[in-house]
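These notes concern the structure reproduced below.
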Amino acid sequence: MASQTISESDQELLLHKLDIFKIRGKDKRGHKILRIIGKFFPARFLSADVLKKYLEEHIFPRLGKKSFSVLYVHTGVQRSENFPGISALRSIYEAIPVDVKDNLQAVYFVHPGLQARLFLATFGRFLFTGGLYGKLRYVSRVDYLWEHVKRKEIEIPEFVYDHDEDLEYRPMMDYGLESDHPRVHGAPALDSASPSLSIYSMRCIS
């Protein structure tokens with residue numbers, strides 16, 4: 001997953017500072033929500049082992065033994081920047097404790113895009129055991145998300161709403177037939193619209 005090596009402590013600091021994982025709010029079935037912002041995921045700098053350790057120490061214990069749902073925001077994810085790779089995804093998924101997998105009720109997948117849909121339709125059942133594929137709920141617009149999630153309890157980054165607006169005027173982007181040119185947004189990201197992260201900037205991120 002990582003193509004540029006930094007220390008484990010710097011990787012953990014990066015995960016914390018970018019606020020990729022946040023447990024907050026509930027869906028309309030009363031399940032707490034683990035929100036994941038894919039665009040903030042520093043795949044080029046992060047190892048699968050560090051990520052698994054971070055989840056085990058900081059996320060899974062906070063989920064407890066109760067049912068929960070995942071809200072995954074795929075908006076702005078680029079394969080070269082934020083995608084961890086198939087083998088890393090499989091490794092991370094297999095490291096999730098059985099009780100956590102059993103308590104997962106739904107995965108609300110915002111702005112999946114054509115490539116993500118095709119990938120999951122082709123490989124999802126083979127990569128993810130335990131019925132995860134059957135728990136996926138594609139959400140093509142943020143407005144549709146509120147059918148499942150309590151609106152006032154979830155924070156959605158502004159660039160996600162901007163992408164929604166782009167889709168309204170350029171609907172072919174939904175099908176991968178029109179380029180999704182990134183805008184400049186005031187949120188931490190690892191794409192061409194934002195300054196690229198250097199090892200120096202990560203050390204000065206606080």
In the range 49-135, trypsin sites (Lys or Arg not before Pro) in a DSSP loop with at most 14 other beta-carbon atoms within 10 Å:
Lys65, Lys66, Arg79
Spatially proximal aspartates and glutamates relative to Lys32 (Cα-Cα < 20 Å; intrachain offsets below 8 disregarded):
Asp19, Glu56, Glu57, Asp99, Asp102, Asp143, Glu147, Glu153, Glu155
Leading residue at positive end of dipole, the range 52-95 (Cβ point charges), from Asn82, Ala95, Gly64:
Gly64
For the range 90-98, Karplus-derived ³J(HN,Hα) couplings (6.51, -1.76, 1.60; θ = phi - 60°; whole Hz; x for glycine and proline) come out as 5, 5, 5, 5, 5, 7, 5, x, 4
Which three extents, in whole angstrom, do the alpha-carbon atoms of the range 79-125 cover along their principal axes, largest first?
31, 20, 19
Bins of 5 Å, starting at 0 and running to the largest distance - Cα pair percent for the range 55-147
2, 12, 20, 26, 22, 14, 4, 0
Can you check what the Kirkwood hydrodynamic radius comes to for the range 1-103, Cα pairs only, in Å to one decimal?
14.3
Quote the accessible area belonging to His163 in square angstrom, nearest 10, computed with a 1.4 Å probe and with ligands, DNA and RNA left uncounted.
30
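The values are calculated or read from the model by the stated rules, or taken from the named source; none is laboratory data. Because the structure is a prediction, the values reported are computed rather than measured. Neighbour counts are summed over all protein chains in view; Cβ atoms, including those assigned to glycine, are modelled from backbone coordinates with ideal geometry. Protein only, heavy atoms only, side chains kept; ligands, DNA and RNA dropped before computing areas. Shrake-Rupley method; radii C 1.70, N 1.55, O 1.52, S 1.80 Å.
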